[in-house]
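Trainee: Below is the structure I would like to discuss, written out as structure tokens.
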Amino acid sequence: MRKKQFKTESKKMLDMMINSIYTHKEIFLRELISNGSDAIDKRYFRSLTETSFGLERSEYKIRLETNPDERTLKITDNGCGMDKNDLENNLGVIAKSGSLEFKSENEDEDIDIIGQFGVGFYSAFMVADKITIKTKPLGSDIAFIWQSEGVDGYTIGECEKDDIGTEITLKMKEDTENENYSVFLEESKIRELVKKYSDYIHYPITMDTEKRVEKEYAEGEEPEFETVEETLNSMVPLWKRSPKEVSEEEYNNFYHEKFFDFEDPAKVIHTKFEGTSNCNILLYIPKKAPFDYYTKDFEKGLQLYSSGVMIMEKCADLLPDYFSFVRGVVDSADLSLNISREMLQHDHQLKVIAKAIEKKVKNELKKMLKSEREKYEQFFAEFGRQMKYAIYSSYGMNKDALEDLIIYKSSNEKKYVTLEEYVSRMPESQSSIYYASGESVDKIEMLPQTKAVMAKGYEVLYFTEDVDEFCAKILVQYKEKPFKNVSDGDIDISTEEEKEKIKKENESEKDLLDFIKAQLGDSVAEVKFTNTLEDYPVCLSTQGGISTEMQKVLESQPGGMNGIKAAEVLEINVNHKVAESLKALYGKDDEKLKSYAKILYAQARLICGLSIENPTELSNLVCELM
Ligand code: ADP
């Protein structure tokens, strides 16, 4: 028979499996069992509408069989089976798209990817050097045989097989100095692995074992043995067990396996709702955001079960967008098995459950914030952005739910603070919640305005993410304290006396300031003296609510909001020597004053992290003065 080639991606994956030095090779069994269980689910589903496809519920099972003499382990299911197309397209393609992209970025971490994504069927090549699949799909008289010895391809042909379903035979690799593959042919090992990884699978996983016949034996009589079919798994899904009986390791194992995350979860929430809707819920808050989390490819949702049978892989309606990172399982006895997606959306029970989940997650996060601060901060670094987006994109509708979960780094030792903490330690003279925007904490700290506000003894929140300032605009205030950008032109941190003084100064120097403004044309809306800057000669502030940072974000958006400009105000430090020079030049050396105006404006732009339009001109001006 002619050998067919694996698709290129799959070949790479296969190569990785075959040469894997991954220490947890044993996971291959859980992967194959889980495929078998999925296949039975599919058959069960179809039998709901096409009754001829069904078996008695008790007949569905996954059988394991070892043959140490032939070095084979056989995994048989009576699920939906595969047709030729499935064999080519499903087994020829790697399981989780994206896993290879991940791999190519992390060349030296090929070991972790196995645990991270659950590579499915291919993992069998970690332990076997030859794999034979015999399978007969639902509604077919023909069975197929698929065989492969690894990278050089596979063959497909027809074969004899009586029952619908799939039988996978693994020919174990020979043992080496470092690796013991024979262990996977031992009953005790198989039993251990099923318990460890597949205990909750809701179909029996069986193995034929020789049992000593219990009877009265005569003196010296050889014991008799009989073959009995033993069920290795308890079949109680984890989420239906009492939380007291489930160990952390079990929760974590289940999580890795089900949600393809290599890391342990940050938090497990296992709970039960009783009453109108009887419902078991097992939720996980991941430690790390999945690689596609902040892309449009990411789909939120919880797995939805009806009395132990999965009816939807990702039920989006169970999670609000701001908690889209939550993963888990919801099992409700009240949902009908063949309920459609459209019907689910309007299902009252589901709405009640969704509300309860939202409340539960919020409370758990609050608890974490309160009593496991470090953990919460790590969590927030991964998922906080999503919650802020949610506040912004819902125009503040979720504000009450979320404002107490948001944290920011601040000038207070650069540590994270909640808004509540911030407000509670505001000095009496402080009227607003001050924030400064910039690319990084370092850049924000270099802003003259940040320094000015801090010099007053006020704490400044550091907004380093695109969404921060937009989110603050939507929040408007917290506990009646308005948010205020330190770069806002009308920031109010001076005493009445200081304000009066600078007002007079600006009035008496109006002609000079107008002259400077005239040099800068439309670039700035206003030029004025200020007395709040410490040592800086100039800074750039804005009028009217759009800050220069917001402008940067808007400009970076494709198509969208381009053309919205911040109204810039050039502020000159009246206490700086440069102010004296400007005053001295006015009316005496206007040419030089023109150059000064341009240079000061360029400096102000650079200080607040903006680029300048004409660097050559700036350079020439500076050189002339030198
Ligand atoms: P995954 O299970 O994550 O989709 P796998 O590589 O394990 O990835 O399997 C690929 C596909 O092959 C499955 O989605 C399924 O369609 C098919 N498949 C694998 N094992 C079986 C089986 N025992 N019975 C029927 N189909 C199977």
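The values are calculated or read from the model by the stated rules, or taken from the named source; none is laboratory data. Just so it is clear, the model here is predicted, and its values are computed rather than measured. Because the Cβ atoms are built from the backbone with ideal geometry, glycine has one as well, and the counts that use them run over all protein chains shown. What goes into the accessible areas is simple: the full protein's heavy atoms, side chains included, and nothing from ligands, DNA or RNA. Shrake-Rupley method; radii C 1.70, N 1.55, O 1.52, S 1.80 Å.
Trainee: Go through the range 303-330 and give me each residue that's open to solvent by 50 Å² or more (accessible area, probe 1.4 Å) and farther than 20 Å from residue 38 by Cβ. Break it down into steps so the answer makes sense when it comes.
Mentor: In the first step, residues of the range 303-330 are kept if they are open to solvent by 50 Å² or more (accessible area, probe 1.4 Å); the result is 307, 313-314, 317, 321.
Correct list: 317, 321.
Trainee: Would you tally the residues in the range 68-87 being open to solvent by 50 Å² or more (accessible area, probe 1.4 Å) and more than 21 Å from residue 139 (Cβ to Cβ)?
Mentor: Number satisfying all stated conditions: 4.
Trainee: Please go through the range 244-275 and pick out each residue that is surrounded by 14 or more Cβ atoms within 10 Å (Cβ to Cβ) and in a helix (DSSP H, G or I).
Mentor: Answer for the range 244-275, where residues must be surrounded by 14 or more Cβ atoms within 10 Å (Cβ to Cβ) and in a helix (DSSP H, G or I): 250, 251, 252, 253, 254, 255, 256, 257, 258, 259.
Trainee: What number of residues in the range 144-169 are open to solvent by less than 70 Å² (accessible area, probe 1.4 Å) and farther than 22 Å from residue 60 by Cβ?
Mentor: Residues of the range 144-169 that are open to solvent by less than 70 Å² (accessible area, probe 1.4 Å), as a first pass: 144-148, 150-151, 153-157, 159, 161, 164-169.
Among the residues that remain, those that are also farther than 22 Å from residue 60 by Cβ are: 145-148, 150-151, 153-157, 159.
Here the count works out to 12.
Trainee: When both residues are 6+ apart or on different chains and their Cβ atoms are under 6 Å apart, which pairs have a first residue that lies in the range 31-47 and is over 11 Å from residue 138 (Cα atoms), and a second that is more than 7 Å from the ligand (Cβ to nearest atom) and among the small types (Gly, Ala, Ser)?
Mentor: Going by the 6 Å Cβ cut-off, the qualifying pairs are 31/123; 33/198.
Trainee: From the list 522, 488, 535, 492, which residue is more than 30 Å from residue 422 (Cβ to Cβ) and of a type in the set (D, E, K, R)? So that I can check it myself, show each step before the final result.
Mentor: Values: 488 fails: more than 30 Å from residue 422 (Cβ to Cβ); 535 fails: more than 30 Å from residue 422 (Cβ to Cβ); 492 fails: more than 30 Å from residue 422 (Cβ to Cβ).
Of 522, 488, 535, 492, the one residue that is more than 30 Å from residue 422 (Cβ to Cβ) and of a type in the set (D, E, K, R) is 522.
Trainee: Suppose we filter the range 133-143 for residues that are part of a strand (DSSP E or B) and surrounded by fewer than 19 Cβ atoms within 10 Å (Cβ to Cβ); how many remain? Reasoning before the result, please.
Mentor: Quick first cut of the range 133-143, residues part of a strand (DSSP E or B) only: 133-136, 143.
Narrowing the set further to residues that are surrounded by fewer than 19 Cβ atoms within 10 Å (Cβ to Cβ) leaves none.
Total meeting the criteria: 0.
Trainee: Check whether at least one residue in the range 32-42 is out of contact with any Lys or Arg (no Cβ under 7 Å at 6 or more places or on another chain), within 16 Å of the ligand (Cβ to nearest atom) and at pLDDT below 85, and report yes or no. Talk me through it step by step, then tell me what you get.
Mentor: Initial filter on the range 32-42 (out of contact with any Lys or Arg (no Cβ under 7 Å at 6 or more places or on another chain)): 32-42.
With within 16 Å of the ligand (Cβ to nearest atom) added as a condition, the list becomes 32-42.
From what is left, the residues that are at pLDDT below 85 are none.
There is no residue in the range 32-42 that is out of contact with any Lys or Arg (no Cβ under 7 Å at 6 or more places or on another chain), within 16 Å of the ligand (Cβ to nearest atom) and at pLDDT below 85.
Trainee: Quick one: which of 1, 16 is under 22 Å from residue 262 (Cβ atoms), modelled with pLDDT under 85 and more than 13 Å from the ligand (Cβ to nearest atom)? Spell out how you get there, then give the answer.
Mentor: Details: 1 fails: under 22 Å from residue 262 (Cβ atoms).
None of the other options fit; the residue is 16.
Trainee: Could I ask something else about it? When you go through 300, 287 one by one, which is the residue that is outside any strand (DSSP E or B), surrounded by 19 or more Cβ atoms within 10 Å (Cβ to Cβ) and not aromatic (Phe, Trp, Tyr)? Steps first, answer last, please.
Mentor: On the way: 287 fails: surrounded by 19 or more Cβ atoms within 10 Å (Cβ to Cβ).
On inspection, the qualifying residue turns out to be 300.
Trainee: For the range 459-486, which residues satisfy the criterion of being open to solvent by less than 20 Å² (accessible area, probe 1.4 Å) and among the hydroxyl-bearing types (Ser, Thr, Tyr)?
Mentor: 462, 478
Trainee: Just checking, how many residues over the range 428-447 are under 15 Å from residue 549 (Cβ atoms), in contact with an Asp or Glu (Cβ under 8 Å, 6 or more places away or on another chain) and touching a residue at least 60 places away in the same chain (Cβ under 8 Å)?
Mentor: Count: 2.
Trainee: In the range 591-613, what count of residues is obtained for those that are more than 28 Å from residue 439 (Cα to Cα) and either open to solvent by 60 Å² or more (accessible area, probe 1.4 Å) or in a loop (DSSP other than H, G, I, E, B) (or both)?
Mentor: The number of residues fulfilling the criteria is 3.
Trainee: Could you check the range 517-544 and list, in sequence order, the residues that are out of contact with any strand residue (DSSP E or B) (no Cβ under 8 Å at 6 or more places or on another chain) and open to solvent by less than 40 Å² (accessible area, probe 1.4 Å)?
Mentor: The answer is 521, 532.
Trainee: Here is a further query. When you go through (1) open to solvent by 60 Å² or more (accessible area, probe 1.4 Å); (2) closer than 24 Å to residue 487 by Cα; (3) free of Cβ contacts under 8 Å to residues at least 40 places away in the same chain; (4) in a helix (DSSP H, G or I) one by one for residue 616, which number turns out not to apply?
Mentor: Condition not satisfied by residue 616: (2).
Trainee: When residue 514 is evaluated against the numbered criteria (1) open to solvent by 30 Å² or more (accessible area, probe 1.4 Å); (2) in contact (Cβ under 8 Å) with a residue 60 or more places away in the chain; (3) in the same structural domain as residue 576 (by TED's automatic domain parsing), which criterion, by number, is the only one it fails?
Mentor: (2)
Trainee: Sticking with this structure for a sec: Could you tell me which of the residues 352, 423 is among the aliphatic types (A, V, I, L, M), closer than 20 Å to residue 279 by Cβ and surrounded by fewer than 19 Cβ atoms within 10 Å (Cβ to Cβ)?
Mentor: Working: 423 fails: closer than 20 Å to residue 279 by Cβ.
Checking each option against the conditions leaves just 352.
Trainee: Within the range 370-394, track down each residue that is open to solvent by less than 30 Å² (accessible area, probe 1.4 Å) and basic (Lys, Arg).
Mentor: Applying the first criterion (open to solvent by less than 30 Å² (accessible area, probe 1.4 Å)) to the range 370-394 yields 376, 379-380, 383-384, 387-388, 390-391, 394.
Answer for the range 370-394, where residues must be open to solvent by less than 30 Å² (accessible area, probe 1.4 Å) and basic (Lys, Arg): just 388.
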